[in-house]
Amino acid sequence: MRILAIDTTATFGSIAAVENGAVVAESLLHSPEGFSSSLFGHMRALLDRAGWKLDSIDCFAAAAGPGSFTGVRVGMAAAKGLAEALGKRAAAVSNLQAVASFGEGPLRAAVLDARRGQVYGAVYDSSLKLVTPEVVARFPEWLATLPDGDIQFLSTDFSPFRPALAGTRFERAQVLDVPRALAAAVGKIAESRGCADAAAIDANYVRRSDAELFWRDK
């Protein structure tokens, strides 16, 4: 199976070509202004490197969040639009699950910076099934909800959170920084889980948008 995977959920994004569990090509992208104007150009370059034609792709997979609301929408729209236009399948994969896929422990606490002093976090087991739900919370408060056991923490950059482990039951826990490029992991998870009709996939925001929060607080 050939999968084109897209992650545009943060300032650093990525795209990857995955075939039968192997990464054929992957590109780390960086666009502080967003990916809406550059994504398809990067995709064309990646497909040229992989030697793939667009219509040879079986499934278009997108990182579904959590992350930037605009970034999530860009990646999801690209995956769904291409799948629908070409009559192909599509998949939406949680960024937190993609982060957890790099782990080796029986319990994997995936963490991403959610800004505003908060994190996106969830705990997965070794088969990447949720043990605790995906939430947005302050890091110390989230730590208090984690299950007992040998937990491995994973993040694209754990350095802002590491000081909060001091003096807790997780002080000696294993910590792993994973690659910023998550698209290949998104593609591999989509392949193992299976793809679906493009209309059936949806975003995974976890936190409500700034607009919703603004109107709630008025």
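The numbers here are math on the coordinates, done by the rules we state, and not lab data. The structure presented is a predicted model; accordingly, all values stated were derived computationally and were not measured. All Cβ positions, glycine included, derive from the backbone under ideal geometry; neighbour counts span all protein chains shown.
Observations, loosely collected:
- Sorted on the mean count of surrounding Cβ atoms within 10 Å across their residues, most packed first, peptides 94-107, 21-34 read 94-107, 21-34.
- Calculated diffusion of region 133-211, Stokes-Einstein form, Kirkwood radius summed over Cα pairs, 10 °C and 1.306 mPa s, µm²/s: 102
- Cα-based shape type of region 26-142, given that a ≥ b ≥ c are square roots of the gyration tensor eigenvalues and the cut on a/c is 1.5: prolate
- Using a Förster distance of 35 Å, the FRET efficiency for Ser38-Asp148 (Cβ separation, nearest 0.05): 0.20
- Residues in region 61-101 that a label on Thr132 would reach, taking backbone N under 20 Å of a point 7 Å out along Cα→Cβ: 66-67, 94-101
- Computed from the Kirkwood radius of its Cα pairs, the Stokes-Einstein diffusion coefficient for the chain at 25 °C and 0.890 mPa s stands at 139 µm²/s.
- Debye log10 I(q)/I(0) at q = 0.13, 0.17 Å⁻¹ for region 1-68, Cα point scatterers: -0.33, -0.57
- Here's the list of aspartates and glutamates a cross-link from Lys129 could span, going by alpha-carbon distance under 19 Å and ignoring same-chain residues fewer than 8 apart: Glu104, Asp148, Asp150, Glu191, Asp202.
- Per residue, the convex hull spanned by the Cα atoms of region 70-119 measures out at 86 cubic angstrom.
- FRET efficiency, Ser27 to Ser192 (Cβ-Cβ, R0 22 Å, nearest 0.05): 0.50
- Helix runs (DSSP H) in the chain reaching 20 Å along axis by Cα, Kyte-Doolittle at least -1.0: 69-86
- Spin-label proximity, Arg116 to region 34-71 - amide N less than 15 Å from point 7 Å beyond Cα toward beta carbon: 66-70
- With the highest mean first, a sort of the peptides 85-92, 194-201, 61-68 on other beta-carbon atoms found within 10 angstrom per residue produces 61-68, 85-92, 194-201.
- Charge-dipole axis of the chain as Lys and Arg at +1 and Asp and Glu at -1 on Cβ define it, positive-most pick from Gly167, Ala78, Leu154: Ala78
- Cβ-defined net charge surrounding Pro106, 13 Å radius [Lys, Arg +1; Asp, Glu -1]: -2
- Estimated purely from DSSP H runs of n ≥ 4, each contributing -39500 (n - 2.57), the mean residue ellipticity at 222 nm for the chain is -8000 deg cm²/dmol once divided by its residues.
- Highest mean first, the peptides 160-173, 1-14, 143-156 sorted by other C-beta atoms within 10 Å per residue fall in the order 1-14, 143-156, 160-173.
- The local environment of Ser159, defined by Cβ-Cβ distances under 13 Å, has a net charge of -2 under the rule Lys, Arg +1 and Asp, Glu -1.
- 12 Å beta-carbon shell around Arg89, net charge (K/R +1, D/E -1): 0
- Region 62-218: relative contact order as a whole-number percent, Cα under 8 Å and 6+ apart: 30
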